[in-house]
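The values are calculated or read from the model by the stated rules, or taken from the named source; none is laboratory data. The model shown is predicted, which means the values in this text are computed figures rather than measured ones. FYI the Cβ positions are ideal-geometry reconstructions off the backbone, even for glycines, and counts take in every protein chain you see.
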Amino acid sequence: MKYLKSIFAFTLPLFLLLMSLSAYLSVNNLVNNYKQEIINDYSILVVSRVPLNKDDITKLANIEVKDIKGISRDDILTNIKKQLSKTSFKLLQQKLPFFYKIYLTQYPSYSELNLIQKQLKEFKTIKRVETFASNHNKIYALLNFSQQLVKIVFGLFLIFVILFLSKQISIWFYEHKERIEIVRYHGGSLTYSAKPIIQVSFISALLSIILTIATLFFIQKNITMFFSEEFLSIFSQHKIVVINYIFIAGLSLIVSTLSIVGVLIKYQTKK
């Protein structure tokens with residue numbers, strides 16, 4: 001019974017740590033996927049008195065431009081031709097500015113968008129700049145906040161779990177002090193004398209990995225119970241699950257190993 005309690009005491013904090021890691025990686029992937037979703041569709045509208053190209057925009061605003069596409073002036077003129085006289089129409093043809101959609105290589109933050117808009121407006125040849133970013137910025141800011149929050153929670157969990165496991169291992173060494181001394185007196189190494197707690201740590205690490213993967217698998221199969229369809233449209237489940245499984249196994253074993261090694265070194269130096 002005591003052996004099972006020891007395994008449970010190790011498994012639970014590791015499981016919570018791995019779930020917090022899964023949450024962090026999932027939110028991180030979600031933000032990155034959303035950024036890519038935005039950048040594929042998002043563009044800045046520029047109205048200019050003179051023709052522009054990709055190099056011009058890069059020099060004016062010092063930004064990385066993926067593409068720049070001109071909006072056909074003929075379509076605009078065709079739509080309003082019937083409403084104007086011939087003289088007015090000819091004058092409009094001469095005065096009508098050039099319209100461009102600018103596509104960026106990466107989605108800028110709110111402050112970066114404001115800076116881009118300000119830099120472009122400083123040039124006399126550019127009449128107007130529209131970023132159309134109000135809705136995107138709200139969602140983007142919320143996702144970034146969630147990303148930072150989950151990162152902090154994961155960091156706190158990591159510190160707590162390492163300290164907790166180290167404390168549990170130290171308690172085990174204290175409780176088995178006499179047995180360890182006898183084993184070492186007869187020539188046994190410290191690692192050999194600590195074999196039971198090392199086994200507990202390794203088994204707990206495996207159990208935490210199995211429990212976490214089973215939990216993630218359940219969430220994946222019943223994901224509509226936890227998230228809306230709109231949310232899932234920008235959520236790459238396959239990539240998240242693969243990445244999580246790799247990190248989960250590695251982190252669980254690493255944390256357990258570090259806790260054991262740390263206590264062994266501490267115990268050895270005391271002697």
Residue match in region 116-132 (condition: out of contact with any Pro (no Cβ under 7 Å at 6 or more places or on another chain), among the hydrophobic types (A, V, I, L, M, F, W, C) and modelled with pLDDT under 75): yes
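Is it the case, given these coordinates, that PHE160 is of a type in the set (A, V, I, L, M, F, W, C), assigned to a helix (DSSP H, G or I) and modelled with pLDDT of 85 or more? Spell out the reasoning first.
On the way: of a type in the set (A, V, I, L, M, F, W, C): yes; assigned to a helix (DSSP H, G or I): yes; modelled with pLDDT of 85 or more: yes.
Against the criterion (of a type in the set (A, V, I, L, M, F, W, C), assigned to a helix (DSSP H, G or I) and modelled with pLDDT of 85 or more), PHE160 qualifies.
So, SER20, is that one modelled with pLDDT of 80 or more and in a helix (DSSP H, G or I) or not?
Values: modelled with pLDDT of 80 or more: yes; in a helix (DSSP H, G or I): yes.
Criteria met by SER20.
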Candidate set: region 48-69, residues that are surrounded by 15 or more Cβ atoms within 10 Å (Cβ to Cβ), touching a residue at least 40 places away in the same chain (Cβ under 8 Å) and of a type in the set (A, V, I, L, M, F, W, C); chosen: the one farthest from GLU112 (Cα to Cα): LEU52
Checking TYR100 against (1) at pLDDT 80 or above; (2) of a type outside the set (A, V, I, L, M); (3) closer than 22 Å to VAL27 by Cα, the condition it does not meet: (3)
Residue satisfying all of: in region 151-172; over 19 Å from ALA194 (Cβ atoms) and either buried (at least 16 other Cβ atoms within 10 Å of the Cβ) or of a type in the set (D, E, K, R) (or both); farthest from the chain's Cα centre (by Cα) among these: VAL161
Long-range neighbours under 8 Å by Cβ, at least six apart or interchain, first residue surrounded by 13 or more Cβ atoms within 10 Å (Cβ to Cβ) and in a loop (DSSP other than H, G, I, E, B) within region 114-132, second among the acidic types (Asp, Glu) and modelled with pLDDT under 80: none
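Tell me which helices (runs of 4 or more DSSP H) are completely within region 170-271 and hold 2 or more residues being of a type in the set (Ser, Thr, Tyr) and modelled with pLDDT of 80 or more, or say none if there are none.
On the way: elements: 177-185, 190-193, 195-221, 229-232, 237-270.
So the answer is 195-221, 237-270.
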